[in-house]
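Student: Starting off with a structure, shown below.
The values are calculated or read from the model by the stated rules, or taken from the named source; none is laboratory data. For clarity, every value in this text was computed on a predicted model and none was experimentally measured. Here the Cβ is made from the backbone with ideal geometry for all residues, glycine too, and neighbour counts use every protein chain on show. Note: areas computed on protein heavy atoms with side chains; ligands, DNA, RNA excluded. Shrake-Rupley method; radii C 1.70, N 1.55, O 1.52, S 1.80 Å.
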Amino acid sequence: MLLSIQNADVSYGGDLILSDVHFDIREQEKIAVVGRNGCGKTTLLKLITGELKPQPRDSDDLPSIAMTGSPVIGWLSQMTFRDENATLGEELRSVFEPVIELKARMDECLKKLDAGDSSPAEEYALLEERFNSLGGYRYEKDYAMLFRRFGFLPEDEGRSLSEFSGGQRTKIAFIKLLLSRPDILLLDEPTNHLDISTIAWLESYLAEYPRAVVVVSHDRLFLDRVAETVYEIERGKLRRYPGNYTAYVKQKKENYERQMKEYLAQQKEKERLEALAERFIHKATKASMARSKLKAVEHMDLVEKPEEADTKAFHGLSKPARESGRDVLTVENLGVGYGETLCRVSFSLLKGKKLGVIGGNGLGKSTFLKTLMGQIPKKSGKYSYGYGVDVGYFEQQMAKSMSSKTVLDEFWDRYPGMTETEVRNVLGGFLFTGDEVFKNVSDLSGGEKVRLALAKLLQTRPNFLILDEPTNHMDIVGKEALEEMLAGYEGTLLFVSHDRYLVRRLADELLIFRPGEAEYFPFNYEEYERHFGKEKLMTADDVWQIENRPESEAAEEKSAPAKKGNPGKERAKAERRVARLEQLLAENDEKKEALVAEMSDPANASDYEKLGQLQAQIDELDALSDSYMEEWEELSEKLG
């Protein structure tokens, strides 16, 4: 056991947040912590790091936090920059100072060994073991890979940290955390602000991370593909479930149904015995039997009635005020961007369709929506709405509203013709009940502001919804509630999202943004991922997770108890990966040959922009092939 917390109660500001915590972290275990917003997930992470201490108890069950050795715990919120004037490259490479020092000591030992002095042999073996555990033989490759994966360019290495935006600084801290390779890696909502391709890569990276991971996330597909144990926090209590997120949901439902069945059966038996006793207790010949029935009731090991899951969620109107015409939106060669044109978009959207917009950050998805709403002028082309189309638009900025009005007044001022009872009924459907309607909008959480914005938006009963990242700031229950509401929505939907569960559940068509272009795909996300994912959206590394670990297989594998140290299983896994790497290398060679042939085409001889793009693709393929070859050589050496 790497870390064990037992019998811990945690209070904050006089309120008991977590009670009787029992939480274990095993070596290399991948743990997910789930629960509603404000349930205490971050509090648990602070308990693990030692930032919070368990409060004293009066009982004999004293709280304890035990560790094996001195494991290094890494948490993104605790990552700091040593010098704001340092360059990005200097700051990230500072993580490797212990590795570089070890390498220097190893070199000194080698010099002595080469000179015939055998005394440093044992020290060298210990140093090399430590060097290897810190990733010393691959730290340069890890550095380059993470630097590229998080969207930084080579020229960014020389820029000062103070030049980067808040979002970029968060990514820099994330890279620094991953490069430090702590024994226990704590991640709080790691997929926030990452695009789908980077999230898919991160899933694969964490699944193979050779140390323990504890992750708090509302990304259900991410949890399915990373977690092998789930801890749920509900009403201040922790409960452990083996398996991934899907397995946890299934077990929780089964546990509830089983306990409810046992509870109802016992209550029925208890009523039967008490009725018998009541009937015969006053009859002399039956009194003894009646007393035995009452005694049986007293000695019952009572089954508690299971608590209903905390699934309270919002709801809204699903039927538009009127129907639109058949053609809802037509977009023809629409150029979008602020300064230069980011891409051009063309597609047609028919009534009742749900179009999901996906792609990397900064490629123009939100800019495209703003262009459709007239907030940004188009660069070229045209777009038009069909007959009878009523648009309802949700943008991310709505989750940052700083109005000084109360929730009640904010909504009522928008719809002054409604009565207070009608207003309260609508707000109640979005979980603003009782005195919550008198909270100032500025004091609401991000998730609460999203709910209020949706309440105002849906009251207009539009027949065409345009939504930009509507699930940001929501917990899992809130996301599922929004999915249900949008799945039942009878109008037309166009939405941008990085939430793959949402995209998979809702979208029957896709618009995929890539550098310099946007492609319309007339099928759902699963079809896209199955047929075109590796070429159109993700690199071959990313698709490894999809092709070799389909969701159904991953769910079965994760739901089974973790088995450590099975040499046969590990060897088979390595052999499969070697075969896959060989396939990926062959695919890369084919792609490179096609690109080289295209560069040699006389028709492209004077198209320097296209030649540059083709060469960039070739360089990326070469880099990927190099990383595949390194991994192939390592695995092949292990397999003998």
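Student: Under 5 Å between amide H atoms, partner at least 5 residues away or on a different chain: which partners does residue 392 have, H built in plane at 1.01 Å?
Tutor: 464, 465, 466
Student: Can you check how the C-alpha radius of gyration of segment 68-224 compares to 2.2 N^0.38 Å, as a plain ratio?
Tutor: Details: Rg = 17.8 Å, N = 157, 2.2 N^0.38 = 15.0 Å.
Segment 68-224 yields a ratio of 1.19.
Student: Over segment 250-301, what number does the Rg to Rh ratio reach, with both radii from the alpha-carbon atoms and Rh per Kirkwood? Spell out each step's value before the answer.
Tutor: Working: Rg = 15.1 Å, Rh = 12.3 Å.
Dividing the radius of gyration by the Kirkwood radius yields 1.23.
Student: Multiply the residue gap between residue 282 and residue 159 by 0.36 nm, knock off their C-alpha separation, and tell me the result in nm, one decimal place.
Tutor: Values: separation 123, 0.36 × 123 = 44.28 nm, distance 9.21 nm.
The span from residue 282 to residue 159 would gain 35.1 nm if fully extended.
Student: Something else now. Quick one: which residues, 5 or more positions from residue 21 or on another chain, have an amide H under 5 Å from its amide H? H modelled 1.01 Å from N in the peptide plane, none for Pro or chain starts.
Tutor: It is 7, 8, 9, by chain and number.
Student: Can you divide the C-alpha Rg of segment 62-112 by 2.2 N^0.38 Å and report the result to two decimal places? Provide the component values of the computation, followed by the final result.
Tutor: Numbers: Rg = 17.0 Å, N = 51, 2.2 N^0.38 = 9.8 Å.
Dividing the Cα Rg of segment 62-112 by 2.2 N^0.38 Å gives 1.73.
Student: Mind ranking 100, 175 by accessible surface for me, highest first, 1.4 Å probe?
Tutor: Details: 100 90, 175 0 Å².
Highest to lowest solvent-accessible surface, that is 100, 175.
Student: Greater than 18 Å separation of Cα atoms is the criterion. Which listed pairs, 400/456; 400/439; 268/295; 141/591, meet it?
Tutor: On the way: 400/456 15 Å; 400/439 15 Å; 268/295 16 Å; 141/591 23 Å.
141/591, as the Cα separations exceed 18 Å there.
Student: Excluding ligands, DNA and RNA, what is the solvent-accessible area per residue of segment 107-158 at a probe of 1.4 Å, expressed in Å²? Let's see the in-between values first.
Tutor: Working: 3260 Å² over 52 residues.
Using a 1.4 Å probe on heavy atoms only, each residue of segment 107-158 averages 63 Å².
Student: Follow-up. Along its principal axes, what span do the Cα atoms of segment 156-284 show, with the longest given first and each in whole Å?
Tutor: Extents along the principal axes: 97, 27, 27 Å.
Student: Can you list the lysines whose alpha carbon sits under 17 Å from that of residue 112, skipping same-chain ones fewer than 8 residues off?
Tutor: By straight Cα distance, residue 112 reaches 103.
Student: Ranked from highest to lowest mean number of other Cβ atoms within 10 Å per residue, what is the order of the peptides 87-98, 290-301, 149-160?
Tutor: On the way: 87-98: 16.9, 290-301: 12.6, 149-160: 14.1.
Listed from highest to lowest mean packing, they are 87-98, 149-160, 290-301.
Student: Additional query: Sticking to Cα atoms, compute the Rg of segment 133-222 to one decimal and its Dmax as the biggest Cα-Cα distance, whole number, in Å.
Tutor: 13.3, 37
Student: Given labels modelled 7 Å from the Cα in the Cβ direction, how far is it in nm from residue 425 to residue 72?
Tutor: Between residue 425 and residue 72, the simple spin-label model gives 6.1 nm.
Student: Taking all protein chains as present, what is the carbon and sulfur share of the accessible area of the chain, in % to the nearest whole number, probe 1.4 Å? Walk me through the intermediate numbers first.
Tutor: Values: 15860 of 32330 Å².
Here carbon and sulfur together make up 49 percent of the probe-accessible area.
Student: I'd like the accessible area for residue 225: 1.4 Å probe, protein heavy atoms, all chains in place, Å² to the nearest 10.
Tutor: 10
Student: Can you give the relative contact order of segment 131-233 as a percent, counting alpha carbon pairs under 8 Å and 6+ residues apart? Working shown, then result.
Tutor: Numbers: 59 pairs, mean separation 25.7, N = 103.
Worked out over segment 131-233, it gives 25 percent.
Student: Within the chain, what percent of beta bridges assigned by DSSP are antiparallel, to the nearest 5?
Tutor: 50
Student: Would you kindly compute the Cα radius of gyration of segment 1-80 and its largest Cα-Cα separation (Dmax), both in Å?
Tutor: Taking only Cα atoms of segment 1-80, I get Rg and Dmax of 13.0, 40 Å.
Student: When only alpha-carbon atoms are used, what values of Rg and Dmax, in angstrom, describe segment 214-358?
Tutor: Rg, Dmax (Cα atoms, Å): 29.4, 98.
Student: How are the alpha carbon pair distances in segment 357-412 distributed across 5 Å bins from zero to the largest one, expressed in percent?
Tutor: 4, 13, 18, 20, 18, 12, 10, 5, 1
Student: Which distance in Å, rounded to a whole number, links the C-alpha centroids of segment 372-389 and segment 1-21?
Tutor: For segment 372-389 versus segment 1-21, the Cα centre distance is 54 Å.
Student: For the cross-link pairs 319/449; 46/365; 171/365, which exceed 31 Å when the distance is taken from alpha carbon to alpha carbon?
Tutor: On the way: 319/449 23 Å; 46/365 36 Å; 171/365 20 Å.
Cα-Cα > 31 Å for 46/365; rest within.
Student: Counting only DSSP beta bridges with both residues in segment 158-280, tell me the antiparallel percent, nearest 5.
Tutor: Working: 6 of 11 bridges.
The answer is about 55 percent antiparallel.
Student: Return the Rg/Rh value of segment 1-160, two decimal places, where both radii are evaluated on C-alpha atoms and Rh is the Kirkwood radius. Could the numbers behind the result be given before it?
Tutor: On the way: Rg = 21.7 Å, Rh = 19.8 Å.
So for segment 1-160, dividing Rg by the Kirkwood Rh gives 1.09.
Student: Roll a 1.4 Å probe over the protein chains and send me the accessible area per residue for segment 409-463 in Å². Provide the component values of the computation, followed by the final result.
Tutor: Values: 2450 Å² over 55 residues.
Accessible surface, normalised per residue, equals 45 Å².
Student: Continuing with this model, one more query. Would you grab the residues whose amide H sits under 5 Å from the one on residue 217? Only those 5+ places off in sequence or on another chain, please, with H modelled 1.01 Å from N.
Tutor: Amide H neighbours of residue 217, under 5 Å, 5+ apart: 33, 189.
Student: OK, next. Report the label-to-label distance for residue 598 and residue 570 in nanometres (one decimal), using points 7 Å from each Cα along the Cα→Cβ vector.
Tutor: Taking the two extended label points, one gets 4.2 nm.
Student: Let me ask another. Could you grab the Rg to Rh ratio for segment 401-490? Cα atoms only, Kirkwood for Rh.
Tutor: Values: Rg = 12.9 Å, Rh = 13.6 Å.
Radius of gyration relative to Kirkwood radius: 0.94.
Student: Can you give the extra length, in nm with one decimal, that the chain gains between residue 55 and residue 627 once fully stretched, where that is 0.36 nm per residue apart less the Cα-Cα distance?
Tutor: On the way: separation 572, 0.36 × 572 = 205.92 nm, distance 4.90 nm.
Length difference between fully extended and current span is 201.0 nm.
Student: I would also like to ask the following. In Å and whole numbers, how far do the C-alpha atoms of the chain stretch along each principal axis, longest first?
Tutor: 107, 83, 46
Student: When the helices in the chain are scored as -39500 (n - 2.57) per DSSP H run of 4 or longer and the sum is shared across all residues, what 222 nm value do you end up with, to the nearest 500 deg cm²/dmol?
Tutor: Numbers: 21 runs with 288 residues, N = 640.
Theoretical 222 nm ellipticity from helices: -14500 deg cm²/dmol.
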